[in-house]
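Data block below; observations after.
The values are calculated or read from the model by the stated rules, or taken from the named source; none is laboratory data. If you're wondering where the values come from, they're calculated on a predicted model, not measured in any experiment. Note: ideal-geometry Cβ built from the backbone for every residue, glycine included; neighbour counts use all protein chains shown. Accessible surface areas use protein heavy atoms only, side chains included; no ligands, DNA or RNA. Shrake-Rupley method; radii C 1.70, N 1.55, O 1.52, S 1.80 Å.
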Amino acid sequence: MSKDVPPAVSIKRVKASIIYRLMLIGLAVPMLIFSLFCGVMGIFGYDMVKWNDESIHGILALPVALFSGLMVTVFFTAFLGSIICLGLWIYSRFRPLQVKTFD
């Protein structure tokens, strides 16, 4: 029984927009789920949401939590995405990048 080997694609350069898009999607989904959870807990009186060292309670906790989660996501995407772009650019100077694709 032969096992199909996924095709490998050799690339020299990856567009930065692809890296930033993958980072944004990968960070936004879990971060916004966590922010939603913290906002709901803040509605019920738990000290899960803070803004300027003040705990936010009540219905205001939900939008503040979602906004802060969005800000953290964008910050980490910009910072880590830039570091990843730099690292891949340096790596591509020495050897091509191998990417395996799966269907």
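Worth a mention:
- The phi torsions of region 43-59, fed into the Karplus equation with coefficients 6.51, -1.76 and 1.60 and a -60° offset, translate into couplings of 4, 8, x, 7, 7, 9, 10, 10, 9, 6, 6, 10, 6, 9, 10, x, 5 Hz, rounded to whole numbers, with Gly and Pro shown as x.
- For the residues 51, 89, a 1.4 Å probe over the protein chains yields an accessible-area ranking, largest first, of 89, 51.
- Along region 74-79 the Karplus relation, 6.51 cos²θ - 1.76 cosθ + 1.60 evaluated at θ = phi - 60°, assigns HN-Hα couplings of 5, 4, 5, 5, 5, 6 Hz to successive residues, with x for each Gly and Pro.
- In the full protein context, the chain carries 79 Å² of accessible surface per residue, based on a 1.4 Å probe and ignoring ligands, DNA and RNA.
- When all alpha carbon pairs of the chain are counted in 5 Å bins from zero, the resulting P(r) reads 2, 12, 15, 14, 12, 11, 9, 8, 7, 6, 3, 1, 0 %.
- Solvent-accessible area assigned to carbon and sulfur over the chain amounts to 70 percent, based on a 1.4 Å probe.
- On the basis of the beta-carbon distance and an R0 of 35 Å, residue 67 and residue 101 show a calculated FRET efficiency of 0.40.
- Dividing the helix sum by the residues of the chain, where each DSSP H run of 4 or more adds -39500 (n - 2.57), gives a mean residue ellipticity at 222 nm of -22000 deg cm²/dmol.
- Length added when fully stretched, residue 86-residue 17, from 0.36 nm per residue minus Cα-Cα: 23.5 nm
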